[in-house]
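Novice: Below you'll find the structure I mean.
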Amino acid sequence: MKEALAIGIDIGGGSIKTGVFDRLGKEYKLLNVPNPSPLTNESFLASIDSAIITLHELYPIAGIGIGSPGPLDNELGILIKSANMPSLQNVKLKEHLETKFHLPVFYENDANCAALGEATFGAFKNLSSQLILTLGTGVGGGFVEQGKLYLGYKGNGIEIGHMTVVIDGALCGCGQKGCLEAYFSTKGFLNRFFEKTKVQLKDAESFFTEVRKENQIAIDILNFGTVAMAETVRNAIHLLNPEALIFVGGITHAWDLFGENLESLIRTRIFPVLNERLIIGVGGNLAGSLGAASLVFQR
Ligand SMILES: [Zn+2]
């Protein structure tokens, strides 16, 4: 890999974000293409093609990394379906792009890509292992050990947002009850707030504004969610024993409202020997496309 530049593609519900990076994480170019309308497998692939063609003409590219919502099959490189893009089904991303561009294509879950990007280029890089939680609309996660992403069978591992924290608890977007995501995520906070008040807040920021205004209902929801997060993290730390626990994503902007409490709840719940060594922190909010590009540079 002489030139060592990679294209990273971050597939989202609204747009396809593409970037060119080197193995130090330096950004050369970013392209943001809105998802085509109507969105079909064909129009979606055509949009990705045109972004890659543009970047490939400008830079020598060694490989393509793609992160997308799942469920997916990382070995076959198929986006099986996505809740935010319901018109897509069984998109053969890897096969299509490898055939068209004759480059290696790596394809993983977006939360896993974000975790690998953070572990490779972020505030806590060069540690032996990092458990990374992405706090946003939902809760995603990834585990990186010795610079290598843990994938699970066919790449759907570390779905930490869907670990049960309340048996028979609140309904989660995944169809099951009591997941962490139903208590500590944008969706979770808004749904729990609506349940209690019949007021539909529009985003995480408006929820945290209620907390700052000392709305007791919002405070109680955040506090319960924080305990739910701490208990889930406790389980994960006992399972994986990471060197560092890192939180990233939009909700970390409100870290001042819950971070100290969360850290203290985690530290008092895990084995003392683990607590003495564990680093807990907030990562940078690196571009999703950088996380995807880091797949190309892994190991
Ligand atoms: Zn769930």
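Here, each number is a calculation from the coordinates, and none is a lab measurement. Keep in mind it's a predicted model, so treat the numbers as computed, not measured.
Novice: Which percent of Cα pairs goes in each bin when the distances of the chain are cut into 10 angstrom slices starting at zero?
Specialist: P(r) for the chain, in whole percents per bin: 6, 28, 33, 23, 9, 1.
Novice: Quick one: give the max-minus-min coordinate of the C-alpha atoms of segment 149-226 along each principal axis, largest first, in Å.
Specialist: Extents along the principal axes: 45, 27, 19 Å.
Novice: Taking every Cα atom in segment 203-279, find the radius of gyration and the maximum pairwise distance Dmax, and write them in Å.
Specialist: My reading of the Cα-based Rg and Dmax gives 13.5, 39 Å.
Novice: Quote the Stokes-Einstein diffusion coefficient, in whole µm² s⁻¹, for segment 126-282, based on the Kirkwood radius over alpha carbon pairs, a temperature of 20 °C and a viscosity of 1.002 mPa s.
Specialist: Reported coefficient: 135 µm²/s.
Novice: Hey, in the GNM for the chain with a 10 angstrom Cα cutoff, which one of VAL91, VAL199, VAL248 fluctuates hardest?
Specialist: Between VAL91, VAL199, VAL248, it is VAL199 that shows the largest mean-square fluctuation.
Novice: What helices does the chain have that are whole DSSP H segments, at least 18 Å long along their own axis by Cα, and with mean Kyte-Doolittle hydropathy of -0.5 or more?
Specialist: Helices meeting the span and hydropathy rule in the chain are 41-58, 216-240, 255-269.
Novice: Let me know the shape class of segment 64-180, please: from the alpha-carbon gyration tensor, a ≥ b ≥ c as square roots of the eigenvalues, rounded when a/c is under 1.5, otherwise prolate if a/b is greater than b/c, or oblate.
Specialist: oblate
Novice: Take every DSSP beta bridge with both residues inside segment 126-282 and express the antiparallel ones as a percent of the total, to the nearest 5.
Specialist: Roughly 55 percent of the DSSP beta bridges within segment 126-282 come out antiparallel.
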